[in-house]
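Quick note: the coordinates plus some simple rules give every number you see, no bench work behind them. Nothing here was measured: the structure is a model prediction, and the numbers come from that model. Methodologically, a virtual Cβ is constructed for each residue, glycine included, from the backbone with ideal geometry; neighbour enumeration extends over all protein chains shown.
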Amino acid sequence: DTEVTQTPKHLVMGMTNKKSLKCEQHMGHRAMYWYKQKAKKPPELMFVYSYEKLSINESVPSRFSPECPNSSLLNLHLHALQPEDSALYLCASSLGPGPLNTEAFFGQGTRLTVV
Amino acid sequence: KQEVTQIPAALSVPEGENLVLNCSFTDSAIYNLQWFRQDPGKGLTSLLLIQSSQREQTSGRLNASLDKSSGRSTLYIAASQPGDSATYLCAKGDSGAGSYQLTFGKGTKLSVIP
């Protein structure tokens, strides 16, 4: 099983809403990632969790709040977003954070539209 | 900042043709290089991973090579099929702030014409 599952697949939210994106994997991976992808652009790293601890925050605005409740689950809490935050949000995982065993597996993404 | 460049940005070939996609990167301090496929509006599917100690990897009709010294990787697709039409992304894996991360190129959009 090399599956990373993201829910929901699509989300439309207003600028005053609070919503959460969910990502789950059962491969025993200990590194999990959030990426943001705008149309016709490559994915850009937002956050990295290693062993359930936040190890990288790429200067992401505080309206995005990640959470890793356990080794299989990664959430991204959204609050007071702007229309320019509309994008495809991708979750990924890899076996570990080090240089070996780092093949990354991606979910199908959540298409977020902020209105 | 790490840069990953992919050439060409788009490629259209007739079915059955062999083709090569190119990826170049700055900074030879690389852990690995990973090739992905992305269909429109979808997530990324991992195709091949080459560790820094390796020179190539093969999977079916796909062959990826890595030359760290020149900062280049190529993805060779043999006997292309219409189902191969997608955007192909290469991503360089290295250590940032003590944690592994991927830096992506902008991708090559491949169209295989029946």
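Remark: mean inter-chain Cβ contacts per residue of A:42-49 equal 5, using a 10 Å Cβ-Cβ cutoff to other protein chain atoms. Taking every DSSP beta bridge that has both ends in chain B, the antiparallel portion is near 90%. Rounded to the nearest 20, the size of the Cβ-charge dipole of chain A about its Cα centre is 380 debye, with Lys and Arg at +1 and Asp and Glu at -1.
Per residue, the average separation of C-alpha pairs within less than 8 Å and at least 6 apart gives the range A:1-96 a relative contact order of 37 percent.
Applying Stokes-Einstein at 37 °C and 0.692 mPa s to the Kirkwood radius of the range A:1-40, computed over alpha-carbon pairs, gives a translational diffusion coefficient of 260 µm² s⁻¹.
So for chain B, what percent of the C-alpha to C-alpha distances run longer than 21 Å? Value for chain B (Cα pairs over 21 Å): 32 percent. With the convex hull drawn over the C-alpha atoms of the protein assembly as shown, the volume per residue is 118 Å³. Length, then width, then depth: along the principal axes, the Cα atoms of the range A:5-115 run 41, 29, 25 Å. When the P(r) is computed for the range A:54-115, the part past 13 Å accounts for 71% of the Cα-Cα pairs.
Under the combined filter of DSSP loop state and at most 15 neighbouring Cβ atoms within 10 Å, the range B:4-87 retains these GluC sites (Glu not before Pro): B:GLU15, B:GLU17. Protection proxy ranking of A:32-45, A:66-79, by the mean of other Cβ atoms within 10 Å over each peptide's residues and highest first, is A:32-45, A:66-79.
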